[in-house]
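The values are calculated or read from the model by the stated rules, or taken from the named source; none is laboratory data. Since we're looking at a predicted model, the values are computed, not measured. Cβ: placed from backbone, ideal geometry, glycine included. Neighbour counts: every protein chain shown.
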Amino acid sequence: MDDSSAQKETEHSLRSLLRLSDKLNSASDLDSLLDSLVEQLLELTGAESGCAGLRTSQGMSCGHFFLGTKVVPLSYLCAPGVGWAGWLLQHGAHYLANDAVHDPVIVPAVRERLGVKSGLAVPIIDSEKDVIAFYEIYNKRAGDGFTRADLDHCLAAAQIASLAIHNRLLNRNLSALAAFSQSLTVTGDFDQILEVVGSHIEKNFQRRSVILLPVNGGLVPRSRSAEFILNESELAAATWSWEHGQAAGRSTEILSAAQAQYLPLQARGEVIGVLGVEVTRGAWLSNVQRQLFRAFVNQSALAIERGLLEQKMRRLRFLEESDKVQNAVLNAISHDVRAPLAAITVSLSALMTSNGALDQAAQHQLLETADLEARRLHRLVNNLLSMTRLETGASTVKTEPHDLLELVSAALEELGASGRHRQVSFDIPADLPLVPMDFGLITHVFINLFSNAFKFSPPDQPVEVRGHIIDDQLEVLVADRGVGVPPEDLGRVFDKFYRVAELGPTNGLGLGLAICKAFIEAHNGRINLENNPMGGTIVRFVIPFHQAATLRVGHSQP
Amino acid sequence: MERPGPRILLVDDEGSIQHTLSTVLPPAGYTVYQVRNGKEALQKVQSIRPDLILLDLGLPDMDGTEVIHHLRERAIAPIIVISVRDGENEKVTALDTGAHDYLTKPFTLPELLARMRATLRSVNATQDDVFAVGNLRVDLRRREVLVGESTVNLTATEYDLLKVLIHHAGNVRTHHELILELWGRTQYQDPVHLLRVTMSHLRRKLQPDPMMPRYIVTEPGVGYRLRTESSHYPGNARHA
């Protein structure tokens with residue numbers, strides 16, 4: 001080769017390297033970057049085919065195979081030491097084989113698929129001396145394999161690629177971190193925060209993880225990947241990390257027999273928990289990934305702290321609420337229990353001490369009052385009991401198929417005197433099937449709804465009951481023509497101890513509708529209240545059931 | 001001289017109930033013997049030889065079911081359980097163990113008296129030919145059912161169901177008992193459902209107006225009861 005042709009050669013390769021640099025820097029993502037890298041190298045060296053790939057925590061991911069400009073759909077993973085890529089990883093140096101046919105290292109599948117006779121594999125090493133990627137080129141079209149000059153060009157190309165890939169990896173970190181933050185921000189629930197941390201760690205680092213939080217002076221696993229084994233040596237390492245605020249376990253100097261490495265989760269200088277991440281043999285994190293990992297750990301710590309604070313806040317708010325509720329209960333009970341008791345006591349004492357001064361009608365009146373009030377008291381206690389039992393889980397809904405009419409009838413009976421003189425109209429089809437309901441609970445619902453309807457509507461106005469099956473649901477309407485509910489109160493009528501102020505302070509605990517709601521929801525149903533366009537209110541509830549499973553009442557039977 | 005009227009053994013540890021019942025039952029024609037715990041009940045039941053036992057399940061010394069069991073061994077007198085416990089399982093257990101009926105506290109005196117009369121009548125097996133309650137009138141000899149002035153047409157099954165309930169009028173009959181009496185050992189796929197549907201038909205025929213008190217009352221999870229006297233209805237002033 002003479003001087004001028006050597007100069008031309010050098011010029012050509014410099015231009016090629018410049019183009020390579022431009023192409024790599026303008027690549028939109030890592031995949032297209034690796035594609036252009038292979039394409040440019042084939043042009044630069046005059047090789048027939050080649051491939052490129054990134055380092056992963058498990059080894060080298062080989063992909064981006066090209067035969068000329070044709071993409072070869074091939075991808076596999078080389079563990080450290082396996083294939084040329086694995087060799088690069090293990091040795092941190094390039095691999096040149098001009099007799100690939102007899103080469104002991106090359107992956108046979110690649111040799112066969114691409115007909116490799118000679119090859120050059122080059123690691124891409126970042127500024128921290130980590131192998132972060134690689135490429136291989138096969139079969140130089142002219143001459144007897146790859147030359148010293150080819151190697152120099154390739155090493156120069158690797159350096160150019162190194163910076164571009166490093167930058168892309170940093171970008172990828174940023175977007176992974178952004179996605180992680182985003183997921184954490186939209187997560188309200190504490191358990192979900194823990195889950196998000198675990199799933200993002202698994203996605204970005206292919207590692208199983210565990211989060212341990214202190215409970216009563218000890219560490220308790222709160223969220224862990226499936227198959228993460230937490231035995232005593234793991235717990236010991238986790239506890240050490242928690243107590244000392246330093247990493248422990250695998251790949252550290254403390255309790256390194258553990259399968260995972262445990263990192264303290266620190267927020268505001270305090271260790272609030274421990275993150276354990278499984279370390280498998282041969283797995284690897286690049287410096288870039290380690291940076292991302294550290295950022296993840298910090299982010300997780302902050303999110304978990306925020307979650308813990310929110311939990312604390314909620315608990316405080318709940319205590320405040322339950323304090324309020326307790327007061328309301330006391331007030332309401334002292335009113336609603338005392339009022340009927342007072343009526344009973346007065347009536348009975350009047351009868352006892354009358355000495356014949358009262359005529360029979362008056363006596364009867366007093367007795368009826370005592371009876372009515374005793375029943376009211378009984379209902380109140382039943383309501384409170386059923387509600388408490390449901391809320392504390394002490395009782396469950398016991399459904400049996402029942403005839404809606406019978407429940408309505410039972411409720412009216414229970415109300416006794418107060419409903420006796422009212423006009424109640426019914427619109428319930430004769431062939432309405434038996435609907436699975438808890439007799440006691442739904443009867444209570446009717447008692448409460450009727451009791452409200454009677455209380456808040458004039459005695460000469462009708463109360464209407466409608467019952468229908470619509471779309472596998474029993475829909476029931478109870479409508480009155482009473483005073484209605486002010487629109488601003490509509491949203492709260494189902495709250496416990498909520499009473500519509502306009503209707504005055506008397507009459508009831510403000511529990512009736514709350515109880516209805518609890519009982520209907522215990523049947524997986526829904527209840528709502530709206531103002532009746534004709535005046536008064538309409539309460540509507542639905543209870544789902546499967547008609548297919550229910551015999552219809554209207555049919556004849558054996 | 002022996003005191004008159006049916007002899008009632010009242011087993012209850014609550015002073016107020018003891019006091020009230022021993023005040024109101026004698027004027028209704030009953031002789032009341034009071035004991036306050038299970039042991040005492042078992043000791044005295046044979047010497048008192050009651051016609052009827054009123055038993056509270058929540059006794060201080062023994063489990064209620066156990067008391068029923070031992071009482072049944074010692075005496076033929078029917079037992080009516082009076083209890084604040086209103087769980088279905090407790091009712092069914094008490095009935096299965098041998099109680100004749102079950103009354104949940106609080107109850108009214110007319111309710112109690114009706115149950116007592118019904119129970120005494122059913123064990124004495126004196127069956128009238130005509131059963132009447134409220135507007136309902138059933139002539140068992142002529143198989144005629146009247147609500148007010150009008151005749152009600154019942155299917156054979158509906159009529160049989162009504163007849164069984166009349167036979168045990170005032171007392172609860174469990175699903176199991178009713179199925180056995182209506183269909184014997186014939187196996188139906190879902191006999192309880194069949195019973196419910198038959199009952200629903202019967203009810204609608206006897207009592208189309210939900211504003212009126214019910215003749216047949218559902219005991220959720222347990223069975224049904226045919227009421228006997230209008231005084232026995234809740235809201236007892238309704239017909240006053």
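What residue, among those in the stretch A:417-439 that are farther than 21 Å from B:H201 by Cβ and surrounded by 20 or more Cβ atoms within 10 Å (Cβ to Cβ), is modelled with the highest pLDDT?
A:D438
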Only one of (1) at pLDDT 80 or above; (2) within 14 Å of another protein chain (Cβ to nearest Cβ) does not apply to A:R481, and that is (2)
Give just the number: which of (1) basic (K, R); (2) closer than 19 Å to A:M437 by Cβ; (3) at the interface with another protein chain (Cβ under 9 Å from one of its Cβ atoms) does A:R389 not satisfy?
-> (3)
Going by the structure shown, is A:T369 surrounded by fewer than 19 Cβ atoms within 10 Å (Cβ to Cβ) and assigned to a helix (DSSP H, G or I)?
-> yes
Residue check: is A:S28 of a type outside the set (F, W, Y), in a loop (DSSP other than H, G, I, E, B), surrounded by fewer than 14 Cβ atoms within 10 Å (Cβ to Cβ) and out of contact with any strand residue (DSSP E or B) (no Cβ under 9 Å at 6 or more places or on another chain)?
-> yes
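Does any residue of the stretch A:101-116 turn out to be among the charged types (D, E, K, R) and buried (at least 19 other Cβ atoms within 10 Å of the Cβ)?
Keep residues of the stretch A:101-116 that are among the charged types (D, E, K, R), which gives A:103, A:111-113.
Next cut, buried (at least 19 other Cβ atoms within 10 Å of the Cβ) only: none.
Checking the stretch A:101-116: not a single residue is among the charged types (D, E, K, R) and buried (at least 19 other Cβ atoms within 10 Å of the Cβ).
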Those residues that are over 16 Å from A:I527 (Cα atoms) and either in a helix (DSSP H, G or I) or facing another protein chain (nearest Cβ under 7 Å) (or both), I need them from the stretch A:431-454; list them, please.
-> A:L434, A:F439, A:G440, A:S451, A:F454
Of all residues in the stretch A:465-482, which are surrounded by fewer than 17 Cβ atoms within 10 Å (Cβ to Cβ) and in contact with a helix residue (DSSP H, G or I) (Cβ under 7 Å, 6 or more places away or on another chain)?
-> A:D472
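Of all the residues that make up the stretch A:500-531, how many are of a type in the set (D, E), out of contact with any strand residue (DSSP E or B) (no Cβ under 8 Å at 6 or more places or on another chain) and at pLDDT 85 or above?
Restricting attention to the stretch A:500-531, the residues satisfying the condition of being of a type in the set (D, E) are A:502, A:521, A:530.
Pick out the ones that are also out of contact with any strand residue (DSSP E or B) (no Cβ under 8 Å at 6 or more places or on another chain) and you get A:502.
Checking which are at pLDDT 85 or above leaves us with none.
Going through the stretch A:500-531 one residue at a time, the tally reaches 0.
Please list, ordered by residue number, the strands (runs of 3 or more DSSP E) wholly in the stretch B:29-84 having 1 or more residues that are among the aromatic types (F, W, Y), over 18 Å from B:S122 (Cα atoms) and assigned by TED's automatic domain parsing to the domain that holds B:D12.
Details: elements: B:31-35, B:52-55, B:79-83.
Hits in the stretch B:29-84: B:31-35.
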Tell me, which residue of the stretch B:218-235 that is more than 8 Å from chain A (Cβ to nearest Cβ) and modelled with pLDDT under 75 is surrounded by the fewest Cβ atoms within 10 Å (Cβ to Cβ)?
-> B:S231
How about the stretch A:39-145: which strands (runs of 3 or more DSSP E) wholly inside it have at least 1 residues that are within 26 Å of A:T10 (Cβ to Cβ), at pLDDT 90 or above and among the polar types (S, T, N, Q)?
-> A:47-56, A:131-140
Matching residues in the stretch A:272-291 - criterion: being over 25 Å from the mean Cα position of the chain (by Cα), at pLDDT 80 or above and aliphatic (A, V, I, L, M) | A:V279
For the stretch A:222-240, which residues satisfy the criterion of being at positive phi and among the aromatic types (F, W, Y)?
-> none
Is it the case that A:A178 is surrounded by fewer than 14 Cβ atoms within 10 Å (Cβ to Cβ) and out of contact with any strand residue (DSSP E or B) (no Cβ under 8 Å at 6 or more places or on another chain)?
-> yes
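If you go through the stretch A:377-386, how many residues are more than 10 Å from chain B (Cβ to nearest Cβ) and touching a His at 6+ places or on another chain (Cβ under 9 Å)? Full working, then the answer.
The first filter runs over the stretch A:377-386 and keeps only residues more than 10 Å from chain B (Cβ to nearest Cβ), leaving A:379-380, A:383-384, A:386.
Okay, now just the ones that are also touching a His at 6+ places or on another chain (Cβ under 9 Å), so A:379, A:383, A:386.
Of the residues in the stretch A:377-386, 3 are more than 10 Å from chain B (Cβ to nearest Cβ) and touching a His at 6+ places or on another chain (Cβ under 9 Å).
Just one of A:G53, A:G81 is in the same structural domain as A:T147 (by TED's automatic domain parsing) and touching a Gly at 6+ places or on another chain (Cβ under 6 Å); which is it? Spell out how you get there, then give the answer.
Details: A:G81 fails: touching a Gly at 6+ places or on another chain (Cβ under 6 Å).
Just a single option satisfies the conditions, and that option is A:G53.
Take the stretch B:22-38 and flag every residue that is in contact with a helix residue (DSSP H, G or I) (Cβ under 8 Å, 6 or more places away or on another chain) and of a type in the set (A, V, I, L, M). It would help to see each step written out before you state the result.
Start the filter on the stretch B:22-38 by keeping residues that are in contact with a helix residue (DSSP H, G or I) (Cβ under 8 Å, 6 or more places away or on another chain), which leaves B:24, B:28, B:30, B:32-36, B:38.
B:V24, B:A28, B:V32, B:V35 - these are the residues of the stretch B:22-38 that are in contact with a helix residue (DSSP H, G or I) (Cβ under 8 Å, 6 or more places away or on another chain) and of a type in the set (A, V, I, L, M).
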Consider only pairs whose beta carbons are under 7 Å apart and that are at least six residues apart or on different chains; among these, list those whose first residue lies in the stretch B:205-220 and is assigned by TED's automatic domain parsing to the domain that holds B:R115 and in contact (Cβ under 8 Å) with a residue 60 or more places away in the chain and whose second residue is among the charged types (D, E, K, R) and not in a loop (DSSP other than H, G, I, E, B).
-> none
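Would you mind listing the strands (runs of 3 or more DSSP E) fully within the stretch B:108-217 where at least 1 residues are within 14 Å of chain A (Cβ to nearest Cβ) and closer than 22 Å to B:L95 by Cα?
Details: elements: B:130-133, B:136-139, B:144-147, B:172-174.
Per the criteria, B:172-174.
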Name the residue, out of A:E400, A:E464, A:E414, that is within 9 Å of another protein chain (Cβ to nearest Cβ) and in contact with a strand residue (DSSP E or B) (Cβ under 7 Å, 6 or more places away or on another chain).
-> A:E400
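Here's the yes/no breakdown for (1) surrounded by fewer than 16 Cβ atoms within 10 Å (Cβ to Cβ); (2) within 19 Å of the chain's Cα centre (by Cα):
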site	(1), (2)
B:A41	no, no
B:S47	yes, no
B:D56	no, yes
B:L71	no, yes
B:A94	no, yes
B:D129	yes, no
When you look at A:A374, is it modelled with pLDDT of 85 or more, in contact with a Phe, Trp or Tyr (Cβ under 7 Å, 6 or more places away or on another chain) and within 12 Å of chain B (Cβ to nearest Cβ), yes or no?
-> no
Every listed condition ((1) more than 24 Å from A:L385 (Cα to Cα); (2) within 16 Å of the chain's Cα centre (by Cα); (3) crowded, with 19+ Cβ neighbours inside 10 Å) holds for B:V67 save (2)
Among the residues of the stretch B:73-89 satisfying the criterion of being in contact with a Gly (Cβ under 8 Å, 6 or more places away or on another chain) and surrounded by 13 or more Cβ atoms within 10 Å (Cβ to Cβ), which is nearest to B:V222 (Cα to Cα)?
-> B:E88
Boolean, A:L405 is of a type in the set (A, V, I, L, M), part of a helix (DSSP H, G or I) and more than 10 Å from every other protein chain (Cβ to nearest Cβ) = no
Output the residues belonging to the stretch A:181-203 that are surrounded by fewer than 19 Cβ atoms within 10 Å (Cβ to Cβ) and assigned to a helix (DSSP H, G or I).
-> A:S181, A:Q182, A:S183, A:T185, A:V186, A:D191, A:Q192, A:E195, A:S199, A:E202, A:K203
Residue by residue through the stretch B:142-172, note down the ones that are closer than 18 Å to B:Q207 by Cβ and among the basic types (K, R).
-> B:K163
